[in-house]
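The values are calculated or read from the model by the stated rules, or taken from the named source; none is laboratory data. The shown structure was predicted, so the numbers you read here are calculated from the model rather than taken from an experiment. Backbone-built Cβ (ideal geometry, glycine too); neighbour counts: all protein chains shown.
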Amino acid sequence: MIPFLVRRALSSVPTLLGISVLTFAILNLLPNDPIQVWSGGGYYSAEAVEHLRSELRLEQSPAARYASWGLALLRGDLGRSMRDGRPVAAVIVSALPWTLLLNFCSVILIYGVAVPFGLFGASSPGSIADRLGRALLILLYAVPSFAAALLLQQWFAVRLGWLPLQGVPDRGATALGTTASLARHLLLPTICLALSGWALVARYARAAFRSALGREFLAVARAKGLSRLRASGHVVANTAVPFITLLATIVPGLAGGSVIVEQIFSLPGVGRLYLTSIEARDYPVVVGLTLLSAVLVLSGHLLVDVLYLVVDPRIRSGLLDERSDAA
Amino acid sequence: MQPESRPAIFVVLATALAGLLAPLLANDRPILARVGGHLTAPALAELPIVGRLFDDPSANLVDWGAAPAPLQTGAPRVLLMPPVPYSYRGIHLDEALRPPSRSHWMGTDALGRDLLARVLHGASLSLLVGFGATALALLIGFCLGALAVMRGGLLDLLIVRVVDVVACFPPFVLALAFMAALGRGGVWPMVAGIGLSRWTTIARYVRGEILRHRGGAVWISARAAGAGGVRLVVRHLLPLLAAPLAVLASFGVANAIVLESGLSFLGFGVSPPAPSWGSILAEARGSLDAAWWPVFFPSAALVIVLSSLCAAAESAAAGESRVTRS
């Protein structure tokens, strides 16, 4: 199993290399370099521009900058932000908790709603409730996150005043108060991010449960006297594999969607950092974030492979057979 | 086409038509008028492509919003107004944030512009970008996917790597970067930017499917009949892939519309005052506490079009799996 994983991990190195080259190329194709953006088209003196250019090493060719960036990366150095001189890694790490928290909550919300929904639909397929539920989910799937954000903000923050409009929680006097404030601030962004995932996961869940419900092991379990609830536990265990795959397709989408959600709700996460860095032409931060998201996507694929091996003994033995065939 | 997908396709086509004819449906200039003794059609001059045929310099000088002039000979006379007699850019500050009423069916925005006119004009942009970007993505994806299989070897490896690289970028960021590089504010940079960032799924699918057909009955018989590589792909394999590609494409159009309106929402879209459903929503943020209609109607338009596209794709996919099973 280990050699397989090492091989898989090594095969993503050329991809990462390509991503860094493409990012550098696109950034250098963008009109206006950082200094032009900051100076708003020429309000800096010539000496100041000259000084900044040499300090940020913008007078070097893109190829030379890529080479020195690559050499620094081999030492584990992602460079410094052009805006405030902080190390790129520190800038990203300070934004990461928000995005991770938001995405984690969304995944919980997606699965927490969609799996019971799918189980219900599968246990009474074709019923009015099943069909209505599916239509509702398609409708929710079609609500773009920013439209949902505005509608929810208008209703729950402006009209009813139950939840804050946007922003980050204040540090409360007690830990409980801080947590409550955090939950109140994250509720709407989490819902907006979860909307598109519900339909996807619920459909998968429904299909998977339907095929599992017709299988013999369920009849056996029920015949042995297991309650409906205990039996559905077996159903869930037997359908775990497609859900894992689904997780790998959902998470990159969530990460992309959190750009817009973080922007609307003024959460200082990675998505917002991405947007402001592109705007300010903060090259090192953009490259760092792109590599980070690529590493996340690729390790998501890798993680799915590993989980397959862990969850499904059939795949594990299949892989081993394949290897012994090759050997 | 599946019968159950017809209403959804009808909704999308009707929206596209409404967007295309938006200058005739919502305009503060008349469809037909008489200026200085001859007939003129100022609203038609704003139509895309055919508009210049109706361009009339004398009509451009007339202030159609002014009170109708007394009936003297030669004074401009309105013969036929559009059903929504407001333009998407006609600012009337004394009419700001009027709720939906008989004269403004969707109400007005914070600058007093008629929302129905803006939503109608926004339809053309959203659907143009949606279909244009998807057509571009299909073209790139199909060509690269087919090329990878037909040429094979090093080129195949290279294309697969490029697909992996591009697929790793968040589409939102990639589209934004391409658009900025191509020149911000126009429609075509937007179409190109979104198209260039969304072709990877199609390329992967086409490559996989053509690989599946390689050496199969269709492949061998077409080759035996003397078909070259291009003919084999375009005449013999493309028809086999058309139905599943249509499913991918309708989801693609929906995704492209979401991307377009999202970019417009964040202010990276087409320059104002040209409306997009996303930019109308962005402007509605400012009056979130005062009015629900600037948020509700553009959102509803988006949801109706997007859910129709998804429903059409779903029933097409269901129909297709029925066909392959039987």
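A few remarks follow.
- A:PRO34 meets all of the listed conditions (1) at negative phi; (2) in contact with a Lys or Arg (Cβ under 7 Å, 6 or more places away or on another chain); (3) free of Cβ contacts under 8 Å to residues at least 40 places away in the same chain but one, namely (3).
- In the range B:248-266, the residues that are within 7 Å of chain A (Cβ to nearest Cβ) and among the β-branched types (Val, Ile, Thr) reach residues that are buried (at least 24 other Cβ atoms within 10 Å of the Cβ) and outside any helix (DSSP H, G or I) with C-beta atoms within less than 6 angstrom, at least six apart or across chains, in these pairs: B:VAL258/A:PRO144.
- Boolean, A:VAL241 is at pLDDT 80 or above and either in contact with a helix residue (DSSP H, G or I) (Cβ under 8 Å, 6 or more places away or on another chain) or within 14 Å of chain B (Cβ to nearest Cβ) (or both): no
- Matching option when the condition is assigned to a helix (DSSP H, G or I) and modelled with pLDDT of 80 or more, among A:ALA219, A:ALA194: A:ALA194
- Helices (runs of 4 or more DSSP H) fully within the range A:255-327 counting 3 or more residues that are at pLDDT 80 or above and within 13 Å of the chain's Cα centre (by Cα): A:283-311
- Residue count, the range B:168-221 (criterion: surrounded by fewer than 19 Cβ atoms within 10 Å (Cβ to Cβ), aliphatic (A, V, I, L, M) and modelled with pLDDT of 85 or more): 5
- Scanning the range A:127-169 for residues that are within 23 Å of B:PHE297 (Cβ to Cβ), assigned to a helix (DSSP H, G or I) and of a type in the set (Val, Ile, Thr) yields A:ILE138, A:VAL158.
- Of all residues in the range B:91-112, those that are touching a residue at least 12 places away in the same chain (Cβ under 8 Å), charged (D, E, K, R) and farther than 14 Å from B:VAL295 by Cα total 2.
- In the set B:GLY319, B:GLY269, B:GLY278, only one residue is closer than 18 Å to A:VAL261 by Cα and more than 11 Å from chain A (Cβ to nearest Cβ); that residue is B:GLY269.
- The listed residue being crowded, with 21+ Cβ neighbours inside 10 Å, of a type in the set (Val, Ile, Thr) and closer than 20 Å to A:ALA72 by Cβ, out of A:VAL285, A:VAL270: A:VAL285
- Candidate set from the range A:150-167 (those that are more than 9 Å from every other protein chain (Cβ to nearest Cβ) and touching a Phe, Trp or Tyr at 6+ places or on another chain (Cβ under 8 Å)); member that is modelled with the lowest pLDDT: A:GLY167
- Boolean, A:ALA147 is within 9 Å of chain B (Cβ to nearest Cβ) and either at pLDDT 85 or above or surrounded by 17 or more Cβ atoms within 10 Å (Cβ to Cβ) (or both): yes
- Residues in the range B:296-315 that are surrounded by fewer than 22 Cβ atoms within 10 Å (Cβ to Cβ), at pLDDT below 90 and of a type in the set (A, V, I, L, M): B:ALA313 only.
- Screening the range A:1-91 for helices (runs of 4 or more DSSP H) wholly inside it with 2 or more residues that are within 26 Å of the chain's Cα centre (by Cα), among the polar types (S, T, N, Q) and assigned by TED's automatic domain parsing to the domain that holds A:VAL310 returns the ranges A:13-29.
- Scan of the range B:12-30 for residues that are surrounded by fewer than 19 Cβ atoms within 10 Å (Cβ to Cβ) and farther than 15 Å from B:VAL119 by Cα, ordered by number: B:LEU13
- Residues within the range B:234-258 that are in contact with a Leu (Cβ under 9 Å, 6 or more places away or on another chain) and of a type in the set (Val, Ile, Thr), tallied: 3
- Scan the range B:83-130 for residues that are in a loop (DSSP other than H, G, I, E, B) and either touching a helix residue (DSSP H, G or I) at 6+ places or on another chain (Cβ under 7 Å) or surrounded by fewer than 23 Cβ atoms within 10 Å (Cβ to Cβ) (or both) and the total you get is 25.
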